[in-house]
Amino acid sequence: MYKKSSGFTLIELLIVVVIIGLITAVALPNYREYVMAGNRNAAKGDLLELQQWMERNYSLTNSYAVLPAGTALTTAQLPFNTTPRSSAKTNYNLSFTANPTSTAFTLQAVPVNGQVNDTTCSTLTLTSAGVRGATGSGGASTCWNK
């Protein structure tokens with residue numbers, strides 16, 4: 001007589017392992033792309049916020065690169081220079097270019113750490129005229145409209 005045993009056979013376990021492997025092979029690249037797109041959206045939001053900060057500063061000093069009188073610094077510094085602001089892992093470094101007599105500026109978000117693998121949209125830029133730019137294979141229209 002055969003004794004009924006409980007448990008899984010080796011074939012059943014191998015089938016489960018293959019199914020899990022296939023699901024992982026499909027899902028992991030998609031997950032990484034969504035994470036990079038989310039980080040990119042955070043950087044775009046921060047660039048827009050900094051653009052408004054630059055405009056407020058300009059309305060007080062008539063310059064994008066000078067701070068109002070009475071502040072400890074004389075040249076403008078961004079209120080924050082990384083995205084995200086309060087995390088140990090930085091995805092983008094934020095900076096701007098403007099001379100003290102300038103009536104224009106360019107903000108940029110340069111990818112760092114794991115975000116450098118985002119070849120579709122690398123460095124994001126935003127000017128005082130509202131011109132949005134991006135390096136990478138996606139171009140400005142793709143990167144800013146997603």
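Please treat every number below as a calculation from the coordinates, not as lab data. Predicted model, so just to flag it, every value in this text is computed and none were measured. FYI the Cβ positions are ideal-geometry reconstructions off the backbone, even for glycines, and counts take in every protein chain you see.
How much length would be gained if the chain were fully extended between THR119 and SER6, taking 0.36 nm per residue of separation minus their Cα-Cα distance, in nm to one decimal?
Extending this stretch completely gives an extra 35.6 nm.
Which one, [x] 10.0; [y] 13.1; [z] 9.0, gives mean projected area of the Cα convex hull in nm² as derived from the coordinates shown?
Among [x] 10.0; [y] 13.1; [z] 9.0, the one derived from this structure is [y].
Could you tell me the calculated FRET efficiency between VAL110 and TYR31, based on Cβ-Cβ distance and R0 = 30 angstrom, to the nearest 0.05?
Approximately 0.80, to the nearest 0.05.
Work out the FRET efficiency for VAL131 and ALA88 from their Cβ-Cβ distance, taking R0 = 35 Å, and round it to the nearest 0.05.
The formula returns an efficiency of 0.60 here.
Order these peptides, 12-18, 51-57, 102-108, by their mean beta-carbon neighbour count within 10 angstrom, highest first.
Those peptides, ordered most packed to least, come out 102-108, 51-57, 12-18.
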